[in-house]
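Have a look at the structure below, then the notes.
The values are calculated or read from the model by the stated rules, or taken from the named source; none is laboratory data. Worth saying up front: this structure is predicted, and the values here are computed from it rather than measured. Every residue, glycine as well, gets a Cβ built from its backbone with ideal geometry; the counts of neighbours run over all protein chains shown.
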Amino acid sequence: MEKLLAFVVEDDKNLALAFGQAVEEADYNVEIIHDGQVALDRLGEVVPAIIILDLHIPNVKGVDILNHIREDERLKDIRVIVATADNRMANELPGVADLVLLKPVGYKQLRNLADRLRPL
């Protein structure tokens, strides 16, 4: 069975690597993206099963990417885990994101959550 695709959209390269490894352990193929515009471009080409999304990334804000996902019929079923250090923004996202995690995010925590959010 082919692994599902996951995007990790995070501009901090060390965090992106750690998040990517955690999601890979949950049995996804992972694509790491460091730029909001690149994330939007990739969403025009493929539909991942899950996205780990930072809110403060270059060129297109994470919240704009999240709104784009929820407004696009083709993308609206993507499971989105927001990982942010911005407490104020985190409080505005319940109901839009599937999960909102405040950084620091634990490796095992992210791996387990990605596994639990796997589409059926």
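Observations on the model:
- Qualifying residue in segment 72-91 (condition: surrounded by 17 or more Cβ atoms within 10 Å (Cβ to Cβ), of a type in the set (S, T, N, Q) and touching a helix residue (DSSP H, G or I) at 6+ places or on another chain (Cβ under 7 Å)): yes
- Checked against (1) more than 18 Å from Ala114 (Cα to Cα); (2) within 12 Å of the chain's Cα centre (by Cα); (3) touching a residue at least 40 places away in the same chain (Cβ under 8 Å), Val46 passes all but a single condition, namely (2).
- Condition met for Val100 (of a type outside the set (Asp, Glu), more than 14 Å from Leu5 (Cα to Cα), in contact (Cβ under 8 Å) with a residue 12 or more places away in the chain and not in a loop (DSSP other than H, G, I, E, B)): yes
- Test: Val105 is in a loop (DSSP other than H, G, I, E, B) and closer than 15 Å to Ala16 by Cβ: yes
- Restricted to segment 49-67, and to residues there that are in contact (Cβ under 8 Å) with a residue 40 or more places away in the chain and in a loop (DSSP other than H, G, I, E, B), the residue that is nearest to Val9 (Cα to Cα) is Asp54.
- Applying the set (1) more than 17 Å from Ala26 (Cα to Cα); (2) at pLDDT 85 or above to Ile51 leaves exactly one unmet item: (1).
- Qualifying residue in segment 83-104 (condition: at pLDDT below 95, touching an Asp or Glu at 6+ places or on another chain (Cβ under 6 Å) and of a type in the set (D, E, K, R)): no
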